[in-house]
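Each value in this text was obtained by applying a stated rule to the coordinates, not by laboratory testing. Please read these numbers as outputs of a predicted model, since none were measured by experiment. Please note: Cβ atoms are built from the backbone with ideal geometry, for glycine as well, and neighbour counts cover all protein chains shown.
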Amino acid sequence: MKELFVLAEHRQGELRDVTFEMLTKGVELSQKTNADLTAVLLGHNVEKFEKELAHHAKKVLIIDDARLENFNAEAYQRVLFHLISERKPSLTLIGHTAFGVDLAPSLAAELNLPLATDCIDLDFEGEKLVVIRQVYGGKVNVKASLRKSESYIVTLRPATFEAHEPKPRDGDIVKIASPLSEDITYKRFIEYFQPPAGEVDISTADIIIAIGRGIKDTENMPVVEKLAEALGGVLACSRPIVDKGWLPSDRQVGTSGKIVKPKLYIAIGISGQFQHISGMKNSDLIIAINKDSEAPIFRAADYGVVEDLFKVVPSLTDKILEEKH
Amino acid sequence: MNVIVCVKHVPETAEAEIAIHESGKRIKTENLVFDINEWDDYAVEEAVLLKEKLGGSVTAVTVGPEDADGTLRKCLARGADRAVRLTDKAFEGSDSYAIAKILYKAIKNLPFDLILTGAQAGDDGCAQVGVVLAELLGIPHVTMVKKVESIEGLVKVERELEGGLEEIMELKLPALLAVQTGINEPRYISIMGIRKAMKKEIKVLSLKDVGLTEEEVGESGSWITVEKMFIPPVEKEAEILTGGVDEIATKIVETLRAKGLI
């Protein structure tokens, strides 16, 4: 029977959420295409993940090798090249994460298998694999088909599919000898590095005033600082503000920054790239101020204001201060 | 240190209104402003910083139509020494894989110690070209690079993971680094710099020049083909507060008061 691979992603002793999101989608696709769902686990001393994965999949393939302990695209690619060439799964799902983007394109090129990255949905239409992706910063969706092949590779955008608790299965656990014969010489993992924390922890704040590119210049910061002060909130931001060095990196909300869930989140001049949205979408109340009515942030917000922030924010600050007096 | 930097000429869409072209397979670009892909801008700056520190040269390469000269001129103005544009009717419809093949053919015989690309492009967001290119060239790669710590035989980088975590990786040279935004502060380009760049030559190469066949590029040489583009369906939409600025501010205050937030 054909297999459908899901590559388990883990880091620092934890399976990452995207693994279960892919397994949930994998169950659906494997049923539809009559394939066996196989979780592929590469690592070192990873016994503790076996049972959890076997709960979701028909089979868990395990390759244990000290050289696979920390993610290294060179080592992972060699092992997966071997596994996919040999077993020819109809599809291999990999997370579109820092791990997946470093691995999937070179693996697909080496195997000469078609690849689609950062997909938000996928389906087999007969033997043809069709995917949905987002382009132009989430303003447009694309439906695309992959070149016909007996085996495909797709990376899935994290936090897109809900991970469901499956009907408990008791998948077979299959241990395979590591195919790595030589040392990994071109690329070496040295260590993890966590930048030191700053004074403010935005992930515990009740009120967050978040700014994006729309603030235009660091000289305009007082406009939003005053609003934050009036509301007793903290300032946070989207990626471009940290890139420009206007706020420290621990104020960044999103996939590569912090996940927040305050009582109030006011997004000011933020367009709403998915990386940002996934960091704040679970806030209790979201108000977005942006002059572009098509900005994706309005699809995440409860209330929207399509206006020049430099007009609305000072007026709002004044009214809040009046209200408090 | 001879550095090759791969760049892409893309439409700026962050604040623009977007409409789907009648074909349903692309967006209308007539009214959009094109510029260097944001990630690539950081890659060019990093290349120039390395050249300033270690000597050598910087070559900017792009696949695109004649208009892409605008992006190459920007690279030259920023400090690149040479620019190469790969242009051919047959390249149209190429996906990331086909683009990587074109770049590979153009780059493989050039002398280089390092290749820099952006981690992704702001238009299609595939994040593939650099990594596929490295594979075709048979050199190691690392993506999401936030900092080049040292470079001497080996290159040591800080790489961005999720949730604020980073990792340190070390690669043998020659290598390819796909850089993340914020790795540096792209310098201001003066009018003088742009004028000077206008005088520099841009080398143009075609399908034949790089030794590819029509089947290897365009749609036939691609992994994926666009079937249709569409505006995303609205699952949830904010209630838009309307009226004058003061009126809007009052409505927000009322909402906040009702929720006990002020």
* Roughly speaking, what is the centre-to-centre gap between region B:66-136 and region A:43-73 when only Cα atoms are used, to the nearest Å? -> 37
* Structure fact -> Quick calc: nm separation of the 7 Å Cα→Cβ label points for A:H325 and B:E12 -> 4.1
* Positive-end extreme of charge dipole, chain B - chosen from B:Q180, B:S94, B:N109 (charges on Cβ) -> B:N109
* Asked: Averaged over peptide A:188-197, how many Cβ atoms belonging to another chain are found within 10 Å of each residue's Cβ?
  -> 5
* **3J(HN,Hα) from dihedral phi, region A:284-299, Karplus parametrisation 6.51/-1.76/1.60, rounded to Hz, x for glycine, proline** => 5, 10, 10, 10, 10, 10, 7, 7, 8, 5, 8, 4, x, 4, 5, 8
* Hey, with R₀ at 25 Å, roughly what FRET efficiency would B:L165 and A:L180 work out to, going by the Cβ-Cβ distance, to 0.05? -> 0.45
* To do: Take every residue in peptide B:118-128, count the Cβ atoms of other chains within 10 Å of its Cβ, and give the average of those counts.
  => 6
* Give me the distance in nm between label points sitting 7 Å out from Cα along the Cα-to-Cβ direction at B:K228 and A:K263, one decimal. => 4.6
* Assigning unit charges at the beta carbon (Lys, Arg +1; Asp, Glu -1) and nothing else, what dipole magnitude in debye, to the nearest 20, does the protein assembly as shown show about its Cα centre? -> 800
* Structure fact -> For B:E201 and A:D17, extending 7 Å from Cα along the Cα-Cβ vector and measuring point to point gives, in nm, a value of 5.5
* Which value results when the Cα radius of gyration for region A:202-324 is divided by 2.2 N^0.38 Å? -> 0.94
* To do: Could you work out how far helix B:69-78 tilts from the main Cα principal axis of chain B, as a 0 to 90 degree angle to the nearest 10?
  => 80
* **Shape call, region B:3-221: gyration tensor on alpha carbons, a/c limit 1.5** => rounded
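What is the magnitude of the charge dipole of chain B about its Cα centre, with +1 placed on the Cβ of each Lys and Arg, -1 on the Cβ of each Asp and Glu, and no other charges, expressed in debye to the nearest 20?
With only Lys, Arg, Asp and Glu charged at Cβ, the dipole is about 980 debye.
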* To do: For a quick protection proxy, order the peptides A:23-30, B:18-25, A:98-105, A:298-305 by their average other-Cβ count within 10 Å, most packed first.
  => A:98-105, A:298-305, A:23-30, B:18-25
* Residue-by-residue Karplus 3J(HN,Hα) for region A:91-99, coefficients 6.51, -1.76, 1.60, Hz, glycine and proline x -> 7, 10, 9, 10, x, 8, 10, 4, 5
* Rg to Rh for chain A: what is it, with Cα atoms only and Rh by Kirkwood? -> 1.04
* **Stretchable slack from A:K51 to A:R169, in nm (0.36 nm times residue separation minus alpha-carbon distance)** => 41.5 nm
* Asked: Counting only other chains, what is the mean number of Cβ atoms within 10 angstrom of the Cβ of each residue in peptide A:103-112?
  -> 6
* **Kirkwood hydrodynamic radius of region A:3-176, Cα pairs, Å** => 16.0
* List the residues whose amide H sits under 5 Å from the amide H of B:L86, counting only those 5 or more places along or on another chain, with H placed 1.01 Å from N in the peptide plane. => B:T62, B:V63, B:G64, B:L205
* **Backbone HN-Hα couplings from phi across region A:66-80 [Karplus 6.51/-1.76/1.60, Hz, Gly and Pro as x]** => 4, 6, 9, 4, 9, 4, 8, 4, 5, 5, 4, 5, 4, 5, 6
* Go ahead and run the numbers for FRET between B:I191 and B:E152, Cβ-Cβ distance against an R0 of 56 Å, rounding to 0.05. => 0.90
* To do: Over all alpha-carbon pairs of region B:1-115, lay out the pair-distance distribution in 10 Å bins, whole %, shortest bin first.
  => 13, 41, 32, 11, 2, 0
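Return the subset of B:K8/B:K203; A:K263/A:K319; B:K53/B:K147; B:K8/B:K101; A:K51/A:K187 for which the Cα-Cα distance in this structure is over 23 Å, preserving the input order.
A:K51/A:K187
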* Asked: Rounded to the nearest 20 Debye, what is the dipole magnitude of region A:202-324 about its Cα centre when Lys and Arg each give +1 and Asp and Glu each give -1 at the C-beta?
  -> 340
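If the viscosity is 1.306 mPa s and the temperature 10 °C, what Stokes-Einstein diffusion coefficient in µm²/s follows for the protein assembly as shown when Rh is the Kirkwood radius over Cα pairs?
63
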* Asked: Can you list residues whose amide H is under 5 Å from A:L285's amide H, if they're 5+ apart or on another chain and H is modeled 1.01 Å from N?
  -> A:L264, A:Y265
